[in-house]
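The values are calculated or read from the model by the stated rules, or taken from the named source; none is laboratory data. Predicted model, so just to flag it, every value in this text is computed and none were measured.
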Amino acid sequence: MIKAAEDTLKADLNIGAMLHRFAVDEYQLLGEKGILHEDERVELLDGRIVDMTPIGIKHASVVNRLNNLLSEKLKGRAIVSVQNPIDLNEYSEPQLDITILKPRPDFYSEKHPKPQDVLLVIEIADASVEYDRSLKIPLYAKALIQEVWLVNLQEDTIEIYHSPSGDRYGVMVRLLFKQTVSPRGFPDLTLSVGEILGKDK
């Protein structure tokens, strides 16, 4: 919607450099003033308000399953945040499928979490696999998010990213169906790829 309008404007007027780059505080103000509504599927990435892909049934089920698994296993040790934003930097406020946050008594009631509060980001992707890889994951690396999982629903795999440097991660491991994964911050917590996908046998 908004992204398509931006692209049309750039093509028609050839003034891409003149388009406004939104800061996080401006973006939040758009919501407070009712210009952007809570139910709009958009996120702020590098100053651009970007349309998000609709959440499919398989995507939603994996989010729900991970929320259930992680909330049970990390109770009292971390906060499991589901499809909520973080303030990544001055110009980015992405909506993340699952974020494991450092525990805080106020549950981040005053401000959205920042990169230093994040222990793990999990993105679930079907049609948005390349979008997440090429746009979102480099932003997480720049912000020094220490670990990211990309659950690839197209291939039934999980890509594990860690050791950020610049706009990329130094390590990327692709796990197949029968393999297991543990968050680096919680090595005692082990999940199989099949368990996460709901296909464990």
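A quick yes/no check of all residues on (1) closer than 16 Å to LEU66 by Cα; (2) more than 15 Å from the chain's Cα centre (by Cα):
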position: VAL129; (1), (2): no, no
position: ARG133; (1), (2): no, no
position: GLN146; (1), (2): no, no
position: GLU159; (1), (2): yes, no
position: GLY170; (1), (2): no, yes
position: ARG184; (1), (2): no, yes
position: ASP188; (1), (2): no, yes
position: GLY198; (1), (2): yes, yes
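When you check ARG41 against the structure, is it among the basic types (Lys, Arg) and assigned by TED's automatic domain parsing to the domain that holds PRO138, yes or no?
Numbers: among the basic types (Lys, Arg): yes; assigned by TED's automatic domain parsing to the domain that holds PRO138: no.
No; evaluated as a whole, the condition is false for this residue.
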task: Go through the residues of the range 166-184 one by one and say whether even a single one is at pLDDT 95 or above, among the β-branched types (Val, Ile, Thr) and in a loop (DSSP other than H, G, I, E, B).
output: no
